[in-house]
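Heads up, the thing below is written out as structure tokens.
Read-outs throughout are calculated quantities, based only on the coordinates presented, and are distinct from any laboratory measurement. Every value quoted in this text rests on a predicted model; they were computed, and no experiment measured them. Cβ placement follows ideal geometry from the backbone for every residue including glycine, while neighbour counts extend to all protein chains displayed.
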Amino acid sequence: MATLTIDDAIAAFVACEPGDEGARRKLRERLWALVADKRLDAQVRTALADAIAVLDDPAEFRGAKEAEGLETVRRHLEIAVDRVECGDLALSEPEPSAAARPVTPAPAPAAVAVAGLPVASVTFTIEADADRALIEDFAAEAREYLEIAEAALLRLESAPDDAEAVNDVFRAFHTIKGTSSFLGLAAIAGFAHHAEDMLDRVRGAELAFAGAVPDLALRAVDVIKTLVHAIPAALAGDAPELPADYAELQDALSHPEAAADVPSRPVVEAAEPASADAAGEAPAAPAAKAAPVAKAAGAPSVATDPLVKVRTDKLDRLVEMVGELVIAQAILMQDAEVRDAANHHLAQKVRHADKIVRELQDLSLGLRMVPLKGAITKLTRVVRDLATRSGKQITFAVSGEETEVDRTLVDLLADPLLHMVRNAVDHGIEPPSERLKVGKPAMGTVRLEAYQAGDRVVVKLHDDGRGLQRDRIVAKAVEKGIIASGDGMSDAEVFDLIFAPGFSTAEQVTEVSGRGVGMDVVRRNLAAMRGRTVIASTPGRGSTFTIELPLTLAITDGMIVRVGAERFIVPTARIQRCFRPEAGALSTVQGKGEMVQHGGEVLPMLRLHRALRVLGGQERATEGILMVVGDGHDRVAILVDELLGQQQVVAKPLGDAIGRVRGLTGGAILGDGRVGLILDVDELVVAERERSREQSPAAVPQAA
Amino acid sequence: MTAPVAESVATRSLGGKYLTFVLAGEEYAFEILTVHEIIGMMTVTPVPHSHPVIRGVVNLRGKVIPIVDLRRRFDMPAPEGDAPETCIIVLNVKGLLVGIAVDAVSEVRMIAEGEIEPPPSFGSDVDVSCLLGVSNSEGKVRMLLDADKVLSLEAIASAL
């Protein structure tokens, strides 16, 4: 074959039409020949080898992705051409290119000197004429890739033979390197190049994913992450400093075998999503809440469905408008003209529109649903790092991470989950020696389980550690002045102290979370999302933290109740049952307020009109309706005048001018266009409990 | 023109268009730029445990907006029911929509800088902190309100 030039490769590339495998083969042949040509500059050859790597990667050329694959090839070729044109021969040292290795399958020397891309300075700068928009896009894209890489690396720790995971990591580094070098981000490109090289050796089974390698790879992810985070600053011309271990780590990546062996660390594993349909627990979920449309793809690597990026505010607006449409439709359906059978045709048309609106509603809700995975992936790393530092051995098992919830909830869940996980690792799981002493396996288990139950999502975090120590919690609460003594408090009440303001503080800023948020804040944030937290614990056997959240904040099934002249909305999911009490069932217990007996239970009774200071409410409980709300021993019977019916409502904030009102979560437009207030049942229950504790016996009039 | 007393008066020109309205027989005005729209009176849903100046919330085409009772805000006696011309001026203050219940809306009026005098001092009984100034023309006194201050929660808290 005559001597080829890079122009020949370009010509072959231009001939590549999507779907034309023959042309692609030809391009590949020419590229190989060029890569093997030692007279060419090392960097040119690297770029060409990168192009080959793309061509060889079946994932890049699958179906609709083919055009993208070709685009990536084009970018690599451009880099090569650039290098040739610049005569950039500063680094003429032959560089064993990652993808070029298959052509010269010589026994790769363990410590080849890799010149790498130049790292001129210790600061991270971006040229003034760089394309800002492209760089910003790259930053977003890189973050996604880093997340994928991190998740895959953690998978690899437990399954070092997982070829797919190695590919995921390699692809992530590879893409980051390619794009960043195209954009002139030398600091990132150079580093990613080394990381990619190391991973390529793992991929080629030339280097085992063991010893210092996993740690180096994770640290490489961290360094690139830091650099990506610094992009905005660099764009602003700040020239942020490179991470302190940049050079050292870059070096270590080239010689992973030489890197000091770090002490073996506990294995961290993410269990396979257990029962794929944990969501199946709620077969009777109302149709409106069913069918999150975009089901998460099972494969953790690349999604094969074409995706589009949409601004979240547009999406939110769309979902909001559909919510309005649903309500407008409900108002229309309730109109006497339509309900009246007189105009048969009209009724039929409205019903047809109703069907469409409902379908639209399901779809729009699905749009906002994303898998919990985003909030959970990071935790695997947290457990791993915390365990390593405290010398504990912990298995982190995750199931149900594909459970879908409202996007806003995923973000808000991150903090509470982090807290719970940290708590479980720091305080729950014992050191190995202590575990062995009490006859438990040295390896502790922290299990995170997520599933859907009705219109709520449940996230449970279980550890098999020592359990919550009642005495220590009581002692701390007394010391902090939260309670006077723990006498007479149930275990559940004692555990609840963890969430009391001032119990856990944000004093310690850990390197894992970066900042601490008190448990009280966690609970408050969850309550704001209509979520609840429950703690269960058995000494010596471990504890379980349970978070329960609504699937979506957008639409709630509400029971409309009347109190005096006012109407309120109670989330239907929170109502256990409703009944009209018999006169004989009512009683007062000294100092504990009014009680009602029903179905063998005695429940405290809360008069809604008094709690909300509404005039004209039904005073005689036997003429009203009692709604049982809450759960466990926190149940309360709430007295209302009348149940008016059910309606789906879109919860809306009352606005900053009003602020947060105790006992209310927001407002919603009712069928007649007026605003109804949505009751925060849990808060009412808490308020009732506090009131009954303080109340003196004299203040309880017998009424019935 | 006398020396301005409030800083806001000193730093920006007050001349411009104002929406004037009547409250308990007195004439007030908001800068037209802060007015989002005017809507007829509608049924207000009272919000339990909220601040006394909050009359409640209404549905503004799908948005829930609070209604501030200006009489209560200024500590004036409550009227006997709403007059037929009662309406709600919806203000947009820093992106927040808040309704103000007033007795009647009068007109949109051009008030020249020269007509505006700084708020007079009435002694400790009357709160002038939310006045931008006072305009006096054609024998009518109009009090120009600072929407921001009228609706600021801190100012409300300190006023009552």
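Send over the per residue convex hull volume for the range A:535-643, Cα only, as a whole number of Å³.
It is 143 Å³ per residue.
Report the calculated FRET efficiency for A:Asp316 and A:Asp82 (r = Cβ-Cβ distance, R0 = 56 Å), to the nearest 0.05.
Once the sixth-power term is evaluated, E becomes 0.85.
Tell me the label-point distance for the pair B:Ile32, A:Arg662, using the 7 Å Cα-to-Cβ offset, in nm and rounded to one decimal.
In this crude label model, B:Ile32 to A:Arg662 measures out at 4.6 nm.
Distance in nm between label sites at A:Glu582 and A:Leu363, each 7 Å beyond Cα in the beta-carbon direction?
With each label placed 7 Å out from Cα toward Cβ, I get 5.4 nm.
Expected output is a single nm value to one decimal: the length gained when fully extending between A:Glu248 and A:Glu642, i.e. 0.36 nm times separation in residues minus the C-alpha distance. What is it?
Contour length minus Cα-Cα distance gives 134.6 nm.
Can you figure out the FRET efficiency of A:Arg389 with A:Ala159, using R₀ = 22 Å and their beta-carbon distance, to the nearest 0.05?
0.40
At B:Met42 and A:Glu127, where each label point lies 7 Å from the Cα along Cα→Cβ, what is the point-to-point distance in nanometres?
It works out to 5.8 nm between the two label points.
For the range B:34-66, which trypsin sites (Lys or Arg not before Pro) are both in a DSSP coil and crowded by at most 16 other Cβ atoms within 10 Å?
Here the sparse-neighbourhood loop sites are B:Arg61.
Taking the Cα centre of the range A:431-485 as origin, sum charge times position over the Cβ atoms of Lys and Arg (+1) and Asp and Glu (-1), and report the length of that vector in debye to the nearest 20.
For this selection, approximately 160 debye.
Suppose the chain between A:Arg143 and A:Arg351 were pulled fully straight at 0.36 nm per residue; how much longer would it get relative to their current alpha carbon spacing?
Additional length available on full extension: 70.2 nm.
Rounded to the nearest 0.05, what FRET efficiency is calculated for A:Val478 and B:Ala104 with R0 set to 56 Å and r the Cβ-Cβ distance?
Using R0 = 56 Å, I get an efficiency of 0.35.
Arrange the peptides A:537-545, A:203-211 so that the one whose residues have, on average, the most other Cβ atoms within 10 Å appears first.
Ranking, from highest mean packing down: A:537-545, A:203-211.
Would you mind counting up the charge near A:Val350? Only other residues with Cβ under 14 Å from its Cβ, with Lys and Arg at +1 and Asp and Glu at -1.
Here the charged neighbours net out to +1.
Find how much the distance from A:Ala565 to A:Glu337 grows on full extension, using 0.36 nm per residue of separation minus their present alpha carbon separation; answer in nm with one decimal.
Here the segment from A:Ala565 to A:Glu337 would lengthen by 79.5 nm.
Counting other C-beta atoms within 10 Å, and keeping those with at most 15, which DSSP coil GluC sites (Glu not before Pro) do you find in the range A:531-640?
Passing sites in the range A:531-640 are A:Glu582, A:Glu619.
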